[in-house]
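The values are calculated or read from the model by the stated rules, or taken from the named source; none is laboratory data. This structure is a prediction, so every number in the text was calculated from the model and none was measured. When we count neighbours, we look across all protein chains shown, and the Cβ atoms used for this are built from the backbone with ideal geometry, even at glycine.
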Amino acid sequence: MRLNLGRHTSALEFTSLVGTMTEVDLPAPHLSTPRLRLRPFEDSDAAALFRLHSNRRVMRYWDSSAWTEPGRADTFLARCREMAEAGTGTRLAVERSADGVFLGWCSLSRWNREYRSAALGYCYDDAVWGEGIATEAARALLEWGFTHLDLHRVQSEVDTRNPASARVLEKLGFQREGTLREDCVVDGEVSDSWVYGLLRREWTWTASLASR
Ligand SMILES: CC(C)(COP(=O)(O)OP(=O)(O)OC[C@H]1O[C@@H](n2cnc3c(N)ncnc32)[C@H](O)[C@@H]1OP(=O)(O)O)[C@@H](O)C(=O)NCCC(=O)NCCS
């Protein structure tokens, strides 16, 4: 997975989807977990977003280069609004509930109402890696997606050199389904992606185990 939608769709970041998708307003939800608040993005998040996406370590396995222009954050925020208006998905800012610090974001995009499918994406500040933040936030968003969007399947694509992200997906119950060979070229560097999928029945099973 990479920017808003996933590993293979960052070009869409700059392409309006309004008019090409079913127009269904999909307001971004407010969700909470023991340590986190997930909320709709606000214009005031632009500076923190730029810090996150201009960090080369964070962007190492992304499907596009680290940001160098602060205006990229405004484009990102506009795209969040567009996703909500076009009903193609939702991207949520993730902040620590204890102090409101912005940690990153997660998203369900490429929502297909007919197929009941969507794509999971996420990105976090390297200062909080390894604390279970990505998994905790994604779990809340997936629960919302399976419940409120009635999803049947969620997909995610991961650079095969990014074991932390693959591990997040596996902890959530995703299964690795295959490899997309040499499907990304960033700054001349070619990479492969793993495709991961999570089915509704697998999610229900995983969630039932977690609550025991
Ligand atoms: C990938 C990313 C989301 C993980 O976030 P996180 O909050 O650190 O994730 P979690 O702490 O919930 O889980 C990470 C897991 O990966 C494991 N891990 C970390 N580095 C690893 C490595 N090099 N090899 C194997 N496992 C690794 C951790 O031990 C942990 O597993 P555990 O709970 O079994 O110990 C975060 O590193 C990130 O935002 N990276 C930059 C953006 C990105 O790559 N997004 C995904 C695009 S596909």
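Suppose we keep only residues that are of a type in the set (S, T, N, Q) and in contact with a strand residue (DSSP E or B) (Cβ under 7 Å, 6 or more places away or on another chain) within region 58-86. Which one would you say is farthest from the ligand (Cβ to nearest atom)?
Ser65
If you take the residues in region 58-94 that are hydrophobic (A, V, I, L, M, F, W, C) and assigned to a strand (DSSP E or B), which one is surrounded by the most Cβ atoms within 10 Å (Cβ to Cβ)?
Within region 58-94, the match that is surrounded by the most Cβ atoms within 10 Å (Cβ to Cβ) is Val94.
Conditions (1) at positive phi; (2) within 9 Å of the ligand (Cβ to nearest atom), marked per residue:
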site: Thr88; (1), (2): no, no
site: Val94; (1), (2): no, no
site: Gly100; (1), (2): yes, no
site: Ile133; (1), (2): no, yes
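Residues being assigned to a loop (DSSP other than H, G, I, E, B), under 22 Å from Val158 (Cα atoms) and more than 11 Å from the ligand (Cβ to nearest atom): count how many of those fall in region 34-57.
1
Looking at (1) modelled with pLDDT of 95 or more; (2) away from the ligand (no atom under 16 Å from the Cβ); (3) surrounded by fewer than 20 Cβ atoms within 10 Å (Cβ to Cβ), which is the only condition Ser211 fails?
(1)
Just give me the residues in region 43-58 being among the aliphatic types (A, V, I, L, M) and more than 17 Å from Gly121 (Cα to Cα), in sequence order.
Ala46, Ala47, Ala48 - these are the residues of region 43-58 that are among the aliphatic types (A, V, I, L, M) and more than 17 Å from Gly121 (Cα to Cα).
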